[in-house]
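What follows draws every value from the coordinates through simple rules; no lab data is involved. Since the structure is predicted, the reported quantities are computational estimates derived from the model, not experimental observations. Note that we place each Cβ from the backbone using ideal geometry, even for glycine, and neighbour counts take in every protein chain shown.
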Amino acid sequence: MKLAWLFVVLAGTFGGARHVCAAEPPPRLPEVKQVVDRLNDLYRADSSHARMTMKVVTERYRRELTLEAWTRGKDDALVVVRAPAREAGAATLRSEEGLWTYAPRADQLVRIPSSLLSDDWMGSHFTNDDLMRETDFLKDYDASLAWHEEGGQRLLQVTLAPKPKAPVVWSRVVFLLDPGDYMPLRADYFDGAKIVRTLSYADPHPLAGRRIPFTMVMVPTDKPGESTRVEYQDLKFGVKVDPSLFTQRGLRRVAKR
Amino acid sequence: MIRLALRNLARNRWRSGLTLGGVAVAVAMLIWSDGLMEAFLVTMTESATAMQLGDLRIESEAHAHDSSVYNAFTASPALLESVRRVPGVRTVAPRLLTFGLLGHKTRSQGALVLGVDPAIEAQASDVAKSVVAGTWLSPRVTAGERERQVVLGQDLASLLAVKVGDDLVVMLQAADGTMGDDRLRLVGIARTGTSDLDRQAAWMRLGDVAYLAALEGQAHELVVRSERGVALDHVATGIRAVIAAGAGPKLVARTWKQLVPDLHQMIELSRNSMIVLYAIVYFIAALGILNAQRMSALERKREFAVMMSVGVTPARLGTLVIVESVLLASMGAVLGALLGWGLSAYHAHAGLDLAALGSQGFTFAGISFHSRIYFVLRPGMVVLPAVAVLGVGALCGLWPALASSRIKLASTISGRL
């Protein structure tokens, strides 16, 4: 009982110190788990169907792909290229058995070996690993919360530090969230103390009782002028998705369409 | 004088014989170990250059820093022809290099896809010769050929669990950002002895890779093989003049010594370490001759004193002792040269199986050596140790000769030392 009382006094002391420094008292930080769960579940649903465009600008080329994607449960995901015609039918499949790429001309699925996970996906600034990674941040990272001031706004900052031995290439990932509904606005990916790429979220749409950003822009820090912009044209949650879609036969059926 | 010297040497056959034998063995050993060393170094150089590097490589300056698929250059027939015309150039082989994904059934592996001209590559490197199963890529698309041909490094083939005749899928990122994919037919498996190639390489026709990677008419490197016996730096200078005149991105030409300086330095170091070995062997041979001559001069002190008292000048006496040791050394040198040359010639012809020495082939700097190596034998390698031993013999005669010419007549003859 006495101990508990001591805690109250201590908390009051430190809390009081903060009050003195800040002009406006910052609200209490929310629960870490609650915030990270929201990040985990951002685009997740029992099933989904989406159409999107991906615009890649690099020093050497500029390309625009039209993509169609399905997800089911936590593991299964399929992305099929619809346009341009030259690449239509190429697909990437994520299943319990790993990440696969579909070679339309050869009509065969090829597993992407773990040594190639850090390679770029479809010539974009996203990597295979971005597609493959478990959407459970708390498995590989330790999360901590803080307040962050930017442009006169108070944002919630989530710092994800990789757990020891976690198979993660980043030394740190820092998300900035809207403190209201925890919708992400930006993520900075660190290598050492340096930001190597930044993912920005924009254009929120209300869907399934939450706000979902329909635009994502990945900008590599070391390549000025380059970027990859993904825009959802259409995103539906809870649609009926045939489980056989995430097999070679099912994939071939939709890829060839 | 020579007859006298010979007679003197013959007086103690055992001693002369042993000294002579010692000199002969030393010379033979030098010749043989020099042959072995050269064999090592030549094998090493050839392994490094024959499979992949070539003697000289031309690439864009950007590719020399960053071997990305984008840093290709236009390899026009005119450029190839002008490089080929540089004196000393034997072959110029264009290559495309790109990383791709190879798949067979449920297995897949990342691979270094090399686009080569099958006929030129067969002259420019030993890859075609190193095919251990199936065949090398056919220069022309054969009638009825539906799939593009591929030859895999042996370890890559076993990782993918494919055998000759199997189908594979290749996927690679093209220079325009798109993904190229196609079905391939495995026509051959190569064992190059270079571990990187055996584990990673997939050879395809230049045109096929150019199509998949959207690099028509381009190359990432031109591999140049020079004529044997031509100074490579000379050829390099000629080539640099030619490529500097061309339009397009800046090209650089680097010799294998510049491409793998480590290997080059190691070879130079090995050559220099041979000099230390030479010094030791000469020193030991010198000690043997010196010992023998000194002993024989001491024993014949009285005889020398008598010779001098009947009118032989000290200079003549000294010369006699030197001639004796030179004769001894030269006989040893000739015998040793014959022995060493014979042994080396045998190993140059039949090779030396290092497996007998307990080595099952070995790998150095990513290049694996076969356990049987073939000696290198040049006239200089035989003549040089023999001549050097002659000089050593003459030097070793000096001290006993000087000592002999300075003996005191009266006390030596009377035996009162």
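Work through the residues other than residue B:166 whose Cβ is under 13 Å from its Cβ and net out their charges, Lys, Arg +1 and Asp, Glu -1. Result for the neighbourhood of residue B:166: +3. In chain B, the alpha-carbon atoms span a convex hull of 176 Å³ per residue. In this simple spin-label approximation, residue A:154 and residue B:10 carry label points 7 Å from Cα along the Cα→Cβ vector, and these lie 11.7 nm apart. DSSP finds beta bridges in chain B, and of those with both partners inside it, around 80 percent are antiparallel. Take each residue in B:166-175, count the other chain C-beta atoms within 10 Å of its C-beta, and the mean is 4. Would you please give the FRET efficiency between residue B:65 and residue B:183, computed as 1/(1 + (r/R0)^6) with r the Cβ-Cβ distance and R0 = 22 Å, to the nearest 0.05? The value I calculate is 0.05.
Taking the DSSP bridge list for the range B:68-219 and keeping only pairs wholly inside it, about 70 percent are antiparallel. About its Cα centre, the dipole of the range A:29-255 is roughly 520 debye, where the only charges are +1 on Lys and Arg Cβ and -1 on Asp and Glu Cβ. A protection proxy built from the mean count of other Cβ atoms within 10 Å ranks the segments B:168-175, B:99-106, A:29-36, most packed first, as B:168-175, B:99-106, A:29-36. Overall, the range A:159-231 carries a charge dipole of about 280 debye about its Cα centre when +1 sits on the Cβ of Lys and Arg and -1 on the Cβ of Asp and Glu, all other atoms neutral. Report the antiparallel proportion of the DSSP beta bridges in the protein assembly as shown as a percent, rounded to a multiple of 5. The antiparallel proportion sits near 90 percent.
Pairs from the list A:74/A:163; A:163/A:223; A:165/A:194; A:165/B:257; A:33/A:165; A:240/B:163 with a Cα-Cα gap above 31 Å: A:165/B:257; A:240/B:163. The distance separating the Cα centre of the range B:164-238 from that of the range A:49-106 comes to 28 Å.
Averaged over peptide A:123-129, the number of partner chain Cβ atoms lying within 10 Å of each residue's Cβ comes to 1.
Listed by chain and number, the aspartates and glutamates whose C-alpha is less than 13 Å from the C-alpha of residue B:408, apart from same-chain residues fewer than 8 away, are B:303.
Let me make sure I get this right: for the range B:39-115, a, b and c are the square roots of the gyration tensor eigenvalues over alpha carbons, sorted descending. Under 1.5 in a/c it's rounded, otherwise prolate if a/b > b/c, else oblate. Which is it? Since a/c reaches 1.5 but b/c is at least a/b, the shape of the range B:39-115 is classed as oblate.
For residue B:105, give me every one of the aspartates and glutamates with a C-alpha distance below 16 angstrom, ignoring sequence neighbours fewer than eight places off in its own chain. Within reach: A:97, A:107, B:166, B:167, B:181, B:182. When both the range B:79-100 and the range B:282-330 are represented by their alpha-carbon centers, they are found 65 Å apart. Take B:176-183, B:322-329 and order them by the average number of nearby Cβ atoms within 10 Å per residue, most first; the result is B:322-329, B:176-183.
The mean number of partner chain beta-carbon atoms within 10 angstrom of a residue's beta-carbon across peptide B:103-111 is 5.
Summing charges over neighbours of residue A:31, with a neighbour being any other residue whose Cβ is under 11 Å away from its Cβ, gives +2 when K and R count +1 and D and E count -1.
Per-peptide packing, taken as the mean over residues of other Cβ atoms within 10 Å, places A:153-164, A:198-209 in the sequence A:153-164, A:198-209 from highest down. The dipole here belongs to the range B:68-219: it is taken about the Cα centre, uses +1 on the Cβ of Lys and Arg and -1 on the Cβ of Asp and Glu, and is about 320 debye.
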